[in-house]
1. Considering amide H positions built from the backbone, and no H for Pro or chain starts, which residues 5 or more places from Arg203, or on another chain, come under 5 Å of its amide H?
2. When a/c is below 1.5 the answer is rounded, else prolate if a/b is larger than b/c, else oblate, so apply that to region 104-198 with a ≥ b ≥ c taken from the square roots of the Cα gyration tensor eigenvalues.
3. Under 8 Å for C-alpha pairs, at least 6 residues apart: give me the relative contact order for region 115-182, rounded to a whole percent.
4. Enumerate the calculated ³J(HN,Hα) couplings along region 230-246 in order (Karplus 6.51 cos²θ - 1.76 cosθ + 1.60, θ = phi - 60°), each rounded to whole Hz, writing x wherever the residue is Gly or Pro.
5. Take the alpha carbon atoms of region 227-251, find their center, do the same for region 186-206, and report the distance between the two centers in whole angstrom.
6. Evaluate the distance, in nm, between pseudo-label points positioned 7 Å from the Cα of Tyr59 and of Phe114 along their respective Cα→Cβ axes.
Amino acid sequence: MDGVRAVLAAIPSPPTGVYHVGPFTLHMYGVMLLLAIAAALWLTGRRWVRFGGDWDLVYRVTIWGVIFGIIGARLYHDATSWNQDQAIHDHWYGPFAVWQGGLGIWGAILFGVFAGAWVVRRSGNSVRLFMDAVAPALLLAQAIGRWGNWWNQELYGKHTTLPWALEIHGKTSAHLFHPTFLYEFIWDILGVLLLVWIDRRFRIRRPGLFALYVAYYCVGRTFEELLRTDPSNHFLGERVNFWVSLVVLIVSAGFFVWWQFLRNPAAPRAPRAPRTRRKRQLPWQKAEAAKQKRPQMAVPKGRVR
């Protein structure tokens, strides 16, 4: 009976993350990344079309964003785990071997966002508006992608006896760990719902929603870094990614408060008289004009101390 309770009071890990289907080798970590990209593409497309945009731009941003996101993720991993990940040094191609694992979300977001912004700017659309369109989708992708860590049996937390503990394959039931992948999955899914609700309920100064997405994610990631035990460089007694998350949290939250509540935008310039016909308003401009009718997120009077 005690053995049954031990099994029920733990999340099992899969025996393997690699499956062979005929001549093909299926890596479940890669499958989860593909599902994450597909989900982000779907949600971004729906939001961008609702803003008045078109799917073609979403496809182009996805292609370039994914390519540069993978490059950035690997560069970040190599830079922060050079003396921790032995696989980097096993072969001459070790620093580029993304199929062996080792991707840093910070590099992925940074490089992917810059690549996507470049594509959006060249198309003549609003980079700020597109950043807010993609913000919940990025969080959704991160939530799904974390299941790849479950398949790989990696990035788990400290030992715990909680009922939802994660049992790693090959270790006894007494060696249970915090399922940090599950913590982040739940946190990110709740964040997706929260960001979508905020964007529908309040008038956000673009790209304020993107700043909220970064700040929200960093809150959960900072807590997660306190639990994780995988190899990592340390600074002042904490993991490097803990400090990165904390700094990004402060910067993104500070930017949102300043941008949304404190910044006084310059008075808009008077529109120039049209030379011939009145310039047709772009679809995303119409969507933004309609959104001005929504209540603006603001600090209630009398509550600032």
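1. Counting only residues 5 or more places away or on other chains, the set is Gln296, Met297.
2. prolate
3. Normalised by residue count, the contact order of region 115-182 is 25 percent.
4. 5, x, 7, 6, 10, 9, 6, x, 10, 5, 4, 5, 4, 5, 4, 4, 5
5. 26
6. 2.8
Every read-out reported here was derived from the displayed coordinates using simple, explicitly stated rules and does not represent laboratory data. None of the values given here were measured: they were computed from a predicted structure. Cβ sites come from the backbone with ideal geometry, for glycine too, and all protein chains shown count toward neighbours.
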